Each structure stands twice: as structure tokens, then as C-alpha cells.
Amino acid sequence: MSIEAQSRRDFLAGTASATALTVFGTAGLSGMSAFATPSKQSSGGEKLIPYGAAVRSDALASDPSYRDAVIANCQMVVPESELKWLELRPSKDEYRFEKADAIIDFARQNAIEVRGHTLAWYGALPPWTESIATRADAERELTDHIETVVSRYRGAIPSWDVINEPLLDWPESASSLRPSIWARRLGPDYLSLALRTTASVDADARLVLNEYDVEFTGPRFAARRKALIQLLRSLRDRDVPLHAVGLQAHLFADRAIDRDGLQALLAEIAALKLDVLVTELDVIDYELPGKIGERDALVAGVASRFLQAVCEVVRPKAILTWGLSDRYTWVPIYFKRRDGMPNRPLPLDAELRRKPLFDVIEEFRRGA
Ligand code: G3I
């Protein structure tokens, strides 16, 4: 754990230093250094862009070296699954907060900010939601859920992905919404209902609309950028509360970043006075050559081109990766490598050693 992180920790947590060091043992120290803390200034005198990662409650509980790596590196964490309906609502009349609370407590103990993910999404919904039969039922269920969850974490979660992945894979326009029980029962009104309800429960929360596949060259991605801007404008035109857009940035190493398309999108977002966050950065490497050194360099290169394009237009409010270490990543669920080698999409490898991607993120946090 780096010296500055240690001193901040000691300041915030009082006694941690000795234990952390012993837990890691020297090996960890040599291969790993921490992301600098935002209190540090960039060369231009600006505060560093906060860095964070998606975390898993079970891994935080069972894996001390991973837990320490999160403490050493992250100013922010986002529960990878624990705040989704599937985990929170095993049945209609039940809320299960244990796993989410464990992440909130961990974060509070280590002065780490928590982002909320996610309140209205087509994915990770428990089967019982399919039996929501009417518009009125859907309105009640969505509103009750948001009121219950957001009020519970008011003050503990200052930023929410209220809306996640609203657009169809290849949308024709802003009204090409991805099928979900919410879109089926409420139509596009589910977007404004979710955003207005969240704002009514926590007026201080930053409300984010989170989307993916807007970074690349090609007609589908261009259509997604166009539909996203139309959607943001339609929300703005109806005074629906919204503060920021989350670019998930699940970058495919075999796809070209559309620098002009992305920068035009960001300029439009800035013109709507909306902030930008990079919310789920990782680099999907299943098509890359196996050699580790070469692959890690290619992964870092893709992220660098993306962050370069973004940071030339806007200063992201935060840069989060969808996981911190290759030890815990969703990528092999869908993008296993044919050569059977483990995927390497994240800043730290499975041994918690930093990779070139780590340095690229650090560079752009400093406002490269
Ligand atoms: O917790 C259960 C465990 O009890 C059970 O034994 C195991 C076996 O089925 O499943 C575990 O739940 C899994 C959960 O991840 C926790 O690991 C779910 O099956 C699995 O579907 C779920 O996948 C998550 C997926 O979202 C769906 O919620 C991925 O980890 C997570 O990385 C992924 O994240 C999404 C973002 O929310 C939105 N953007 C894309 C991103 C990647 O797909």
C-alpha cells in the first residue's frame, strides 16, 4: 500500500497501517502501487479525477489481499450486483440488503465513496417482476422500490445509475427502448418516473443515465450515439431531473474507437450541461494474441485512445473500472478466450500486480 494512501488511511481510519502491511506481506508491496488519491494535484494544479471500481461483497469478505487492494486504490466503489433487483428483491414483498450493506459498511470504514447501480434496468430482474400485469402495478412497484432503496442509502450513496442501458442494441431513434417489464407496462414514461422519483427521495443525489456501445466506429454505434442524444434532449425538454451520463466503456480490443463520433457525442452532452462519468471501463481481450506483455500493452492502448478522446472534450467526474483485478471479472462469462488463457481486462492482474492499463488510467486522472 503506497505511502500517501497509508497516511490518508491512518488519518481517516486511525490505526490501519500495521495490519494492512502485515496482511499484504512484502510480496504485495513490490508488485503493486496504489492509484494516487484525488487530494493530490495534477501537474496543471487540478485535483485528480477520482478512480473507482466495481466490487463484490463475497470477495471483499473472503479475500483480504483483494480487499486491501481496493482500499489502497479506490476512492469510489460500485456494487457489481448487490444493488440490483435480482439481489435485493428475491420475492415481491421482500428486500435483502445484507450484501449491499456490507459494501456500504466497508466503504464507510475506509472513507470510500459508493455509487449506486442500478434502479431501472431490463437486466438482473427477479422472475416475479414478469407477473407485473398493469401500468398501475408497474408504477407502484418501480416507485416503491426506488423510494425504499434510495431512502435507505440517502447520504451514503451520492450518485445513482438510475437508468441503465435504456436503448435497443441498434436503435432507430430515442423511442427505440430495450424491451423490459418497465418499457412494456409504462412505455418511455418509466425513464421520467424513475428519475423524478429518485430526485424526490434524495434531492442531493446525482442522477445518471448509463449506456454502453457508444464508443466505436460503425453504423450501429453511430445510431446508438444519435438515439442517446435524442433521448437526453427529450428528457431535458420535459425538465426531467438528470445530472450526468455514464459511459460504460466496455471496450473491445478488436473494435476501433470512433474518436470524432465520440467527441461529437460528448460535445452534445456538455451542451446539455450534463456531466460525464466513465462507469464500467474494461477491455475485452478475447481476440488479442496470447502473449501477456503484448496483450497488456494492446489493452492499455485501447483504453488510452478512448480516454484521450474523452478527456480532450470533457473532464470525467470519475473513472471507474468494472472490477479492479483480473481475479474478479465478468468478461469470461461471455468472452472466454479460445486459447483458454485467462482474460486480462482490468488494471491489476490476478496477483494484484499493476498492469500498463493501471498507468494509463493514472495518466488521464492527472489530466494527461
Ligand atoms: O450471486 C449468485 C450466486 O449465489 C450463484 O451461485 C451464481 C451462479 O449462478 O450466480 C450469482 O449471481 C451472478 C451475479 O453476477 C453475481 O456474481 C449472476 O448469475 C450473474 O448473472 C451476474 O452477472 C452480472 C451481470 O451484470 C448481471 O447482473 C455480472 O457479474 C456483472 O458484471 C454484470 O454487470 C453489467 C452491468 O451491471 C451493466 N453493464 C454491463 C455489465 C457487464 O455485463
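Things to note:
- I103 being touching a Cys at 6+ places or on another chain (Cβ under 7 Å) and more than 30 Å from R220 (Cβ to Cβ): no
- When the residues of region 152-180 are filtered to those that are open to solvent by less than 50 Å² (accessible area, probe 1.4 Å) and hydroxyl-bearing (S, T, Y), the one that is nearest to V240 (Cα to Cα) is S159.
- The set of residues from region 75-93 being away from the ligand (no atom under 14 Å from the Cβ) and out of contact with any helix residue (DSSP H, G or I) (no Cβ under 9 Å at 6 or more places or on another chain) comprises Q75, D93.
- G340 surrounded by fewer than 18 Cβ atoms within 10 Å (Cβ to Cβ) and at pLDDT below 95: no
- Checked against the criterion of being crowded, with 21+ Cβ neighbours inside 10 Å, within 16 Å of the ligand (Cβ to nearest atom) and on the phi < 0 side of the Ramachandran plot, region 130-139 has no qualifying residue.
- Checking the stated criteria, V314 turns out not to satisfy the condition of being touching a Ser or Thr at 6+ places or on another chain (Cβ under 9 Å), open to solvent by 10 Å² or more (accessible area, probe 1.4 Å) and either at pLDDT 95 or above or assigned to a strand (DSSP E or B) (or both).
- Residue selected from region 240-268 under the condition more than 15 Å from A318 (Cβ to Cβ) and among the β-branched types (V, I, T), by the criterion farthest from the chain's Cα centre (by Cα): V240
- Summed over region 59-74, the residues that are more than 19 Å from the chain's Cα centre (by Cα) and more than 16 Å from the ligand (Cβ to nearest atom) give a count of 3.
- In the set (1) in a loop (DSSP other than H, G, I, E, B); (2) within 16 Å of the ligand (Cβ to nearest atom); (3) under 21 Å from I181 (Cα atoms), I157 fails one condition alone, (3).
Residue-wise test of (1) within 16 Å of the ligand (Cβ to nearest atom); (2) part of a helix (DSSP H, G or I); (3) more than 24 Å from I112 (Cα to Cα).
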{"position": "L265", "(1), (2), (3)": "no, yes, yes"}
{"position": "V283", "(1), (2), (3)": "yes, no, yes"}
{"position": "L288", "(1), (2), (3)": "no, no, yes"}
{"position": "R305", "(1), (2), (3)": "no, yes, yes"}
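- Condition met for D101 (under 21 Å from the mean Cα position of the chain (by Cα) and part of a helix (DSSP H, G or I)): yes
- Counting the residues of region 275-291 that are of a type in the set (D, E, K, R) and open to solvent by less than 20 Å² (accessible area, probe 1.4 Å) gives 3.
- Candidates in region 197-233 are the residues that are more than 27 Å from A138 (Cβ to Cβ) and basic (K, R); of these, the one that is least open to solvent (accessible area, probe 1.4 Å) is R225.
- Near pairs, Cβ below 6 angstrom, 6+ apart or cross-chain, from region 160-172 (over 18 Å from A194 (Cα atoms)) to any residue that is surrounded by fewer than 24 Cβ atoms within 10 Å (Cβ to Cβ) and not basic (K, R): L168/S176; W170/A223; P171/A223; P171/A227
- Residues being in a helix (DSSP H, G or I) and within 28 Å of D258 (Cα to Cα) - total across region 161-220: 3
- Across region 234-255, the number of residues qualifying as at positive phi, in contact with a strand residue (DSSP E or B) (Cβ under 8 Å, 6 or more places away or on another chain) and open to solvent by 10 Å² or more (accessible area, probe 1.4 Å) comes to 0.
- A single entry from R56, R96, R115 fulfils the requirement of being open to solvent by 20 Å² or more (accessible area, probe 1.4 Å), within 16 Å of the ligand (Cβ to nearest atom) and within 25 Å of V331 (Cα to Cα): R56.
The values are calculated or read from the model by the stated rules, or taken from the named source; none is laboratory data. Remember, it's a predicted structure, so these values are computed and weren't measured experimentally. In this analysis, Cβ positions are derived from the backbone assuming ideal geometry, glycine residues included, and neighbour counts consider all displayed protein chains. Side chains are part of the model used for accessible areas, which takes the heavy atoms of the whole protein and leaves out ligands, DNA and RNA. Shrake-Rupley method; radii C 1.70, N 1.55, O 1.52, S 1.80 Å.
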